[in-house]
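The values are calculated or read from the model by the stated rules, or taken from the named source; none is laboratory data. The structure displayed is predicted, hence computed values, not measured ones. As a convention, Cβ positions derive from the backbone with ideal geometry for all residues, glycine included, and neighbour counts pool all protein chains shown.
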2 protein chains.
Amino acid sequence: MDIAVLIFDDLTPLDMVGPVEVLSRVPGARIRMVAKKPGAIRTQSGVMGIIADHGLAEITRADILLLPGGPGARAMAEDEAVLDWVRRIHPATRWTTSVCTGALILGGAGLLRGLKATTHWASMDRLAGYGATPVQERVVVQDKIITAAGVSSGIDMALALVARIAGEDRAKAIQLRIEYDPQPPFDAGSVAKAGPAIVALAR
Amino acid sequence: MDIAVLIFDDLTPLDMVGPVEVLSRVPGARIRMVAKKPGAIRTQSGVMGIIADHGLAEITRADILLLPGGPGARAMAEDEAVLDWVRRIHPATRWTTSVCTGALILGGAGLLRGLKATTHWASMDRLAGYGATPVQERVVVQDKIITAAGVSSGIDMALALVARIAGEDRAKAIQLRIEYDPQPPFDAGSVAKAGPAIVALAR
């Protein structure tokens, strides 16, 4: 099972690493990190360098396509070379997925027209411009396109995906391996729960 | 606020990226990726290359030290150059932290003697060998040493840490930015919840 992950400068690392941590544990999974050109990208705020082992031209098919988000996703969503690649890979995937503002890349490629979709709460108003119907859910499945909400939601999305491709027991075993028994010290993970003062600080 | 993150071959990427995603959003945070030598490491199963911008010798102090785990942590926990570095950095930190089997590195450095600590559930029996008392909690704070349980627990640990260093509102705002409103599709994130069949599959 070939999984192609698009990476780019200014991506939000957890958008990408959450699902990769889950999907890489499926037996037979092969993850390939793809960027416009092979070499290192720097994540959001320059925090870390991650190596793209492959350029777009090298990867011509994937069973799963994963598009993470982050500040750099807006440039990707307007980059014709990237959008052409997404349009070429998508028809033969089993699943085409995004996390956070990775949905804007799907939108830019024209793949969200007429579909329900989600993204990071602070970018939700951009989905309509791509012909999508924004939905405030953590994971939205539309035929073979799955969009997930902001950043950490990619973990939930990937576990749901593993259940579909490798069965619920495998998904549960991976959840246990990554000890995903979340116990956040606060209950401020959504706009509704956080309240106006925290939303203002987060913006 | 200088945050030094030890990285090494065969680390579990979410161990590291979960807390880094949270801590890098604290105003004034500077994250530095440190390995035995500068250059690229490959994460667990070779999935991705991450760049260590610094070697051990370059980093002589940190406000926060973060030790992630993964299969490669066992080698680090027996590597005298690494353990010496941890012993040199620790006295001047405000917080010395581990995620998952990163606790074994703390143990190898002799820093867990007489303390309660936690680690990944499948490695819990190794803590006693370092003179620590294993505790099945998600985050264990002992003076300035914080150990977290397996993999995804680093997100919870880091949010609790942000509340201590930058206040609860900042921690909540970061939780909202990363949309950490976990909704795992299953409830199998601990040994007790997963049950024996899933535990056997996970081992």
Selection from region B:142-169 of residues touching a helix residue (DSSP H, G or I) at 6+ places or on another chain (Cβ under 6 Å) and basic (Lys, Arg) yields none
If we keep just the residues of region A:60-81 that are more than 15 Å from the chain's Cα centre (by Cα) and not in a loop (DSSP other than H, G, I, E, B), which is surrounded by the most Cβ atoms within 10 Å (Cβ to Cβ)? A:75
Just the residues that are under 15 Å from residue B:73 (Cα atoms) and of a type in the set (A, V, I, L, M), please, taken from region B:119-142. B:122, B:124, B:127
Top-ranked residue in region B:148-194 [being among the β-branched types (Val, Ile, Thr) and within 18 Å of residue B:94 (Cα to Cα); ranked as farthest from the other protein chains (Cβ to nearest Cβ)]: B:165
So for region A:120-132 (the condition being more than 13 Å from chain B (Cβ to nearest Cβ), crowded, with 16+ Cβ neighbours inside 10 Å, outside any loop (DSSP other than H, G, I, E, B) and not aromatic (Phe, Trp, Tyr)), does at least one residue qualify? yes
Which of (1) at pLDDT below 95; (2) in contact with a Cys (Cβ under 6 Å, 6 or more places away or on another chain) does residue B:45 not meet, given it meets every other one? (2)
Give me a count of the residues in region A:19-52 that are facing chain B (nearest Cβ under 7 Å), in contact with a strand residue (DSSP E or B) (Cβ under 9 Å, 6 or more places away or on another chain) and farther than 21 Å from residue B:32 by Cα. 4
Can you tell me which residue among A:148, A:171 is small (Gly, Ala, Ser), under 24 Å from residue B:121 (Cα atoms) and touching a residue at least 12 places away in the same chain (Cβ under 8 Å)? A:171
Please state which one of A:104, A:111 is assigned to a loop (DSSP other than H, G, I, E, B) and either of a type in the set (A, V, I, L, M, F, W, C) or on the phi > 0 side of the Ramachandran plot (or both). A:111
Index of the failed condition, residue B:136 passing every other in (1) farther than 30 Å from residue A:136 by Cα; (2) in contact with a helix residue (DSSP H, G or I) (Cβ under 6 Å, 6 or more places away or on another chain): (2)
Reported set for region B:180-203 where residues are in contact with a Lys or Arg (Cβ under 8 Å, 6 or more places away or on another chain) and closer than 24 Å to residue A:14 by Cβ is B:181, B:183, B:186, B:187, B:188, B:194, B:202
